[in-house]
Amino acid sequence: MRKLHDAPFPVIDTDPIFGRVIRYMRVSDYVLGISLTAVGPAFMYWMEKYQPSGLSRKYQRQGMLAGGLVGVCAGFMSAYSCSSARFWGTSENAREIKMYREEYRRLKAEGKSMHGTSSLPLSIQRISS
């Protein structure tokens with residue numbers, strides 16, 4: 001297999017599936033996501049407190065909601081990115097390697113493929129790989 005990039009840690013999977021990235025998240029990823037989620041409404045509150053916009057409560061509430069939604073998106077994307085980086089080998093991933101190997105052994109014992117089965121014909125699979 002061709003080396004895609006110089007990774008300081010072992011590469012686990014260069015194209016991890018969504019569910020696996022979520023399952024392998026660490027507590028630090030969740031803390032980062034929650035922190036960034038809280039920043040959006042906190043920033044909106046701070047701006048309204050120290051530089052009032054003069055808008056009614058209804059519009060302030062809508063602004064807080066928008067800030068919260070942006071915060072949720074930013075928090076999730078950052079946590080997902082940190083978890084994916086471990087699969088790519090760009091950050092420390094000893095825990096993920098251990099979990100990946102255990103999952104591989106379990107699926108192999110059950111007779112299942114690690115990456116699932118494809119519904120595409122074999123000729124199309126060869127073209128896409």
Legend entry - Qualifying position, being farther than 26 Å from residue 23 by Cβ, out of contact with any Lys or Arg (no Cβ under 9 Å at 6 or more places or on another chain), free of Cβ contacts under 8 Å to residues at least 24 places away in the same chain and assigned to a helix (DSSP H, G or I), among 61, 105: 61
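For the condition at pLDDT below 90, in contact with a Ser or Thr (Cβ under 8 Å, 6 or more places away or on another chain), open to solvent by 60 Å² or more (accessible area, probe 1.4 Å) and of a type in the set (A, V, I, L, M), what is the one hit in 4, 55? If you could, list the steps in order and put the result at the bottom.
Details: 55 fails: in contact with a Ser or Thr (Cβ under 8 Å, 6 or more places away or on another chain).
Exactly one residue qualifies, and that residue is 4.
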Legend entry - Given (1) within 30 Å of residue 113 (Cα to Cα); (2) open to solvent by less than 80 Å² (accessible area, probe 1.4 Å); (3) out of contact with any helix residue (DSSP H, G or I) (no Cβ under 6 Å at 6 or more places or on another chain), index of the condition residue 23 fails: (2)
Inset, instruction - Return a yes/no flag: does segment 31-47 have any residue that is touching a Cys at 6+ places or on another chain (Cβ under 9 Å), assigned to a loop (DSSP other than H, G, I, E, B) and aliphatic (A, V, I, L, M). - result: no
Legend entry - Any pair with Cβ under 9 angstrom, 6 or more apart, that starts in segment 23-47 at a residue that is within 27 Å of residue 58 (Cα to Cα) and ends at one that is among the acidic types (Asp, Glu) and surrounded by fewer than 19 Cβ atoms within 10 Å (Cβ to Cβ): none
Inset, instruction - State all residues of segment 58-78 that are at pLDDT below 90 and polar (S, T, N, Q); if no residue qualifies, say none. - result: 60, 62
Legend entry - Subset of segment 86-117 (residues that are at pLDDT 90 or above, basic (Lys, Arg) and open to solvent by 40 Å² or more (accessible area, probe 1.4 Å)): 95, 98, 101, 105, 106
Inset, instruction - With respect to residue 83, determine if the residue is in contact (Cβ under 8 Å) with a residue 24 or more places away in the chain, exposed (fewer than 13 other Cβ atoms within 10 Å of the Cβ), within 24 Å of residue 8 (Cβ to Cβ) and of a type in the set (Ser, Thr, Tyr). - result: no
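The values are calculated or read from the model by the stated rules, or taken from the named source; none is laboratory data. In this text the structure is predicted, and so the values were computed from the model without any measurement. Positions of Cβ are generated from backbone atoms using ideal geometry, with glycine treated the same way; all protein chains shown enter the neighbour counts. These area figures cover heavy atoms from the full protein model, side chains too; ligands, DNA and RNA do not enter into them. Shrake-Rupley method; radii C 1.70, N 1.55, O 1.52, S 1.80 Å.
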